[in-house]
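The values are calculated or read from the model by the stated rules, or taken from the named source; none is laboratory data. All figures in this text were calculated on a predicted structure; none of them were measured in a lab. Here the Cβ positions follow ideal geometry from the backbone for every residue, glycine too, while neighbour counts run over all protein chains shown. In case anyone asks, the SASA skips ligands and DNA or RNA and just uses the protein heavy atoms, side chains included. Shrake-Rupley method; radii C 1.70, N 1.55, O 1.52, S 1.80 Å.
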Amino acid sequence: MDAFELLVASILEREGFWVRSSFKVELTKEEKQEINRPTSPRWEIDLVAYKAGTNELRIIECKSYLDSRGVAINAFDGSNEGFANRFKIFNDEKLRSVVVNRLVTQLVERKAILSNPKIIVCLAAGKIASVSDKDKLKAHFESNDWELLDDEWLCKQLMSIADGGYQNDVADVVAKLLLRTKYMKCIT
């Protein structure tokens, strides 16, 4: 698991989710044919998070993009096919439907989740290209009933961690070291 996924997983665990990283969805041959990927290996989801109390299943794609331009709306609006390929679960409705249905079936059969969970497809993005992109992404995600876990969400979660009791966790230590100072721009 990469460091950004580890951070997002740690935050979700604090919210009462159990979290699995690099989760392999075992598509059948027929399902692979249905999504036009007959030779595809098992589909991998960055993070799968489940909260039994609300029967909520989150499917989370993680993109830190911290030292790049960031996530942009053109990855989702059809104007940049190359960038859109990095977000297949969002941009291919058939793929999303097949993968989500198989994931739920797989987890229910393993008795890892309850039947008929509320599905929330999420993008955890460490950096978004611009304010305009962020506004457009938020609107696009809301219109699709998806959730955008952006830099503002991350900052709020880290601030909450910094103010909470100590846990021997990398996210906890970093949050306390960095966010307890008045010089951080996310605090001002």
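Only lysines eight or more places from Lys156 in sequence, or on another chain, were considered; those with a Cα closer than 19 Å are Lys63, Lys127, Lys134, Lys138, Lys176, Lys182, Lys185.
Taking every protein chain into account, the accessible area of segment 1-160 amounts to 51 square angstrom per residue (probe 1.4 Å). Taking 10 °C and 1.306 mPa s as conditions, the chain diffuses translationally at an estimated 90 µm²/s according to Stokes-Einstein applied to its Kirkwood radius (Cα pairs). Taking 0.36 nm per residue of separation and subtracting the Cα-Cα distance, full extension of the segment from Glu13 to Asn116 would add 34.9 nm.
The C-alpha atoms of segment 99-165 occupy a region whose extents along the principal axes are 41, 36, 15 Å, arranged from largest to smallest. Could you work out what % of the accessible surface of the chain is carbon and sulfur, using a 1.4 angstrom probe and leaving DNA, RNA and ligands out of the count? Whole-percent figure for carbon plus sulfur exposure: 49. Estimated purely from DSSP H runs of n ≥ 4, each contributing -39500 (n - 2.57), the mean residue ellipticity at 222 nm for the chain is -12500 deg cm²/dmol once divided by its residues.
For Lys88, the solvent-accessible surface computed with a 1.4 Å probe is close to 80 Å², ligands and nucleic acids excluded. Pop the C-beta distance of Asn168 and Lys88 into the FRET formula with R0 = 45 Å and round what comes out to the nearest 0.05. Efficiency, rounded to the nearest 0.05: 0.80. In this view, the solvent-accessible surface of Arg42, computed with a 1.4 Å probe and all protein chains in place, comes to about 120 Å². Taking all protein chains as shown and a probe of 1.4 angstrom, Lys138 keeps an accessible surface of around 70 Å². With +1 on each Lys and Arg Cβ and -1 on each Asp and Glu Cβ, and nothing else charged, work out how big the dipole of the chain is about its Cα centre, in Debye to the nearest 20. Dipole size: approximately 220 debye.
Put simply, the Cα atoms of segment 1-96 extend 37, 36, 23 Å along their principal axes, the longest span coming first. For Cys122, the residues whose amide H sits under 5 Å from its own are Ile59, Ile60, Glu61, Glu147, ignoring neighbours fewer than 5 places away on the same chain, with H placed 1.01 Å from N. Rounded to the nearest 10 degrees, the inclination of helix 170-179 to the longest alpha-carbon principal axis of the chain is 40 degrees.
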